[in-house]
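Written below as structure tokens is the structure these notes are about.
The values are calculated or read from the model by the stated rules, or taken from the named source; none is laboratory data. What you are looking at is a predicted structure, and each value in this text was computed from that prediction instead of being measured. Cβ atoms come from the backbone with ideal geometry, glycine included; neighbour counts cover every protein chain shown. Heads up: the accessible areas ignore ligands, DNA and RNA and are worked out on the full protein's heavy atoms, side chains in. Shrake-Rupley method; radii C 1.70, N 1.55, O 1.52, S 1.80 Å.
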Amino acid sequence: MTAALPETSRSRTSLPTRLQTAGLADAAVIAALQQGCFPDDPWGSEAVASLIGQPGFFSVLALRDGGEGDDPVGFLLARVAAEDGEIIAVGVRADARGQGLGRRLVAAALDGARALGATALFLEVAEDNGMAQSLYKSCGFFSVGRRPGYYRRAEGRVAALVLRYSYTDE
């Protein structure tokens, strides 16, 4: 069952993009966004659908008004098991970056995990992705580990940094 997105994570800014709770019907859209954001490690809609169906899982789509309907520009996949939350994937389409949307999606993860009882939220970020690392650290995440060779790249593998956010430190 997909958890409802808490009201507190909906932005009150003037950005023409809104966040919306996603479900199984959105698996193909999320998979297409994931493939565009992470072409070296693409996921199919079946893989996304299998995640969305898990207990404690929640997903969010970022939708921009495209004039002729909603234009999906970002996504979040996250889950909570016991007291630990995990951001499985978060991505923003290249043409929608630099507008604060990644920060809004991370805020949705923090709010959603807290609503499901998490006391900590974890994620992995590629060691060569300095922009994402800066975003996560500015949101209160800190490094707790490193996983060598975690991410695939066309030119080889790159390590992942394991980051943690603690709700008890707020």
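If you plug each phi of segment 80-95 into the Karplus form 6.51 cos²θ - 1.76 cosθ + 1.60 with θ = phi - 60°, what whole-Hz ³J(HN,Hα) values come out, in order, with x for Gly and Pro?
10, 10, 6, 9, 9, x, 9, 7, 7, 7, 9, x, 10, 4, 3, 6
With Cβ to Cβ distances under 13 Å as the rule, what net charge do the other residues near VAL92 carry (K, R +1; D, E -1)?
Around VAL92, the surrounding residues sum to +3.
So for segment 73-135: antiparallel DSSP bridges make up what percent, rounded to the nearest 5?
Within segment 73-135, antiparallel bridges account for around 75 percent of the total.
How big is the equivalent ellipsoid of segment 125-170 along its three axes, where each semi-axis is √(5λ) from the Cα gyration tensor, reported in whole Å from largest to smallest?
After diagonalising the Cα gyration tensor, the semi-axes are 23, 11, 5 Å.
What fraction of the DSSP beta bridges in the chain is antiparallel, stated in percent and rounded to the nearest 5?
The answer is about 95 percent antiparallel.
Restricting to DSSP H runs of at least four residues, report the calculated mean residue ellipticity at 222 nm for the chain, -39500 (n - 2.57) per run over all residues, nearest 500 deg cm²/dmol.
The per-residue figure over the chain is -7500 deg cm²/dmol.
FRET efficiency for ALA81 and MET131, Cβ-Cβ distance as r, R0 = 35 Å, nearest 0.05?
With a Förster radius of 35 Å, E is 0.80.
Accessible area per residue, 1.4 Å probe, Å², for the chain: what's the number?
51
Could you look at the chain and say what percent of its accessible area is carbon and sulfur, using a 1.4 Å probe and all protein chains?
Carbon and sulfur: 52 percent of the exposed surface of the chain.
Please report, in debye to the nearest 20, how large the charge dipole of the chain is about its Cα centre when each Lys and Arg carries +1 at its beta carbon and each Asp and Glu carries -1 there.
320
Relative to the present Cα-Cα distance, how much length would full extension add between ASP71 and LEU24 at 0.36 nm per residue of separation?
Here the segment from ASP71 to LEU24 would lengthen by 15.1 nm.
Give me the Debye-computed log₁₀ of I(q)/I(0) at q = 0.14, 0.16, 0.21, 0.24 Å⁻¹ for segment 36-135, equal point scatterers on Cα only, no solvent, two decimals.
Here log10 of I(q) over I(0) equals -0.56, -0.73, -1.21, -1.42.
Using a Gaussian network model on the chain with a 10 Å cutoff between Cα atoms, which of ARG79, ARG147, ARG103 fluctuates the most?
With Cα springs under 10 Å in the chain, the top fluctuation among ARG79, ARG147, ARG103 is at ARG147.
Would you work out which of GLY53, GLY69, GLN99 lies farthest towards the positive end of the dipole of the chain? Charges go on Cβ: Lys and Arg +1, Asp and Glu -1.
GLN99
Work out from phi, with θ = phi - 60° and the Karplus expression 6.51 cos²θ - 1.76 cosθ + 1.60, the ³J(HN,Hα) of each residue of segment 111-124, listed in order in whole Hz, and give x for Gly and Pro.
Karplus-based 3J(HN,Hα) across segment 111-124 equals 5, x, 5, 4, 4, 8, x, 5, 9, 8, 10, 10, 7, 10 Hz.
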